[in-house]
Each structure stands twice: as structure tokens, then as C-alpha cells.
1. Among the residues of the stretch 1-46, how many are of a type in the set (D, E, K, R) and assigned to a loop (DSSP other than H, G, I, E, B)?
2. Being open to solvent by 40 Å² or more (accessible area, probe 1.4 Å) and assigned to a helix (DSSP H, G or I) is the filter; apply it to the stretch 47-65 and report the residue that is nearest to ARG6 (Cα to Cα).
3. Among the residues in the stretch 49-61, are any touching a helix residue (DSSP H, G or I) at 6+ places or on another chain (Cβ under 9 Å), touching a residue at least 40 places away in the same chain (Cβ under 8 Å) and of a type in the set (Lys, Arg)?
4. Kindly establish whether ALA1 is touching a residue at least 12 places away in the same chain (Cβ under 8 Å), closer than 17 Å to VAL162 by Cβ and surrounded by 14 or more Cβ atoms within 10 Å (Cβ to Cβ).
5. Scan the stretch 107-119 and tell me whether some residue there is open to solvent by 70 Å² or more (accessible area, probe 1.4 Å), within 17 Å of the chain's Cα centre (by Cα) and modelled with pLDDT of 85 or more.
6. Among the residues of the stretch 66-85, which ones are touching a helix residue (DSSP H, G or I) at 6+ places or on another chain (Cβ under 9 Å) and part of a loop (DSSP other than H, G, I, E, B)?
7. Condition first: farther than 20 Å from LEU21 by Cβ and at pLDDT 90 or above. Now tell me which residues in the stretch 54-78 satisfy that.
8. Applying the selection to the stretch 82-106, what residues are modelled with pLDDT under 90, within 17 Å of LEU16 (Cβ to Cβ) and open to solvent by 60 Å² or more (accessible area, probe 1.4 Å)?
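The values are calculated or read from the model by the stated rules, or taken from the named source; none is laboratory data. Quick caveat: nothing in here was measured; it's all calculated off a predicted structure. Positions of Cβ are backbone-derived with ideal geometry, glycine not excepted, and every protein chain shown enters the neighbour counts. Note: accessible area is taken over every heavy atom of the protein model, side chains too, but ligands, DNA and RNA are not part of it. Shrake-Rupley method; radii C 1.70, N 1.55, O 1.52, S 1.80 Å.
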Amino acid sequence: AKEKVRGGTGLEPNALICNTLQLHHLANCDQVVERVKYTQTADQETMLNAIKDVLGIKHILCAGGWTNTANPQQNRAISRIWSDEYAMVARVAETEDPQEPCIGRTFIWDGDGPGAAGSEEALALITEEYRDEGVRGSVMRVRNDRDLVIMYAAGGHLLSNVITIA
């Protein structure tokens, strides 16, 4: 996957994007265990650093969220948001410069409020207040405008069939 990104873009992939179960499996594979076997503490940080060393990447982005995939009238069916089936090797942004080549960015903007995400100022939020007689009180609504943009799709490679055992 790293070679595919390199060959297609000339960029060095710097991140693995996976879920918590996949990360658990990686932490227990022989190559990682061998790197930390004789250390005094095999804590989570040590294991993450060993995985990064084995894979030759700087960042591991781990999706830990869950969702109910059943219809509201049915019993719960809890599933991971990021499937066990897929992982991604990608070039992710390391600076705030929008010209830095990477797979994608999240843009947050606000024409009405102070600051911008990632700056020294406060997060860009628009706060609105209005009266609602249905609840006999004031309603506070806080929002911001954001958009996910794929900047350079070839900057990532999606791996399928990542976990084949339960």
C-alpha cells in the first residue's frame, strides 16, 4: 500500500487509518511483540511506537466509534463505524498550509464569528439565540460551517480484507 501511494504520487505515506480491533491485532503480531519483548514496560504508547516503527509511518489514526445499524423499531445492532474489513495507508496533512499535498482536509469557516480552527484564536462558532414559545424559553444554537474535501485521492490506498479471522 505504501509503495502504491509512492508510485502513484511521489508522496511518502505517513499514516495508517484503522479501527481499534485492527490496532489490537497489530499490537499482538509477532514483529511488534519482538520489538517490545525485552522492554521494562509494554504500555500502550510503547506498543503504538513499535507499530509505527514496524510500518515505517508517523501517525496512526484509530477510529473507535460505534453505531446502531438497526432500524428504530428493531433491536439494537451495534457495529463499528469503521469496518474491520478496511484500513488505509495515506499521506495526511502535517501543517495548516492548504497547499501541502495530502489525501484530504476538513475546512471550517465562519463569516460571523471570531477565530478559526487551528489558529491561536477560539474555534469558529456562530452562536444564535431566539425565543421559542413551544418550550417557553430561549433556544441557544451554536454551529459552524465545515466541509470534508478529498484533495488528492491518490494520496491514500484503501486496503480490504484486513481482518479475516474473528
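1. 3
2. Selected residue: LEU55.
3. Yes, there is a match, as at least one residue in the stretch 49-61 is touching a helix residue (DSSP H, G or I) at 6+ places or on another chain (Cβ under 9 Å), touching a residue at least 40 places away in the same chain (Cβ under 8 Å) and of a type in the set (Lys, Arg).
4. Taking the combined requirement at face value, the residue satisfies it.
5. Scanning the stretch 107-119 turns up no residue that is open to solvent by 70 Å² or more (accessible area, probe 1.4 Å), within 17 Å of the chain's Cα centre (by Cα) and modelled with pLDDT of 85 or more.
6. Result: TRP82, ASP84.
7. GLY56, LYS58, ALA70, ASN71, GLN73, GLN74, ASN75
8. The answer is TRP82, and nothing else.
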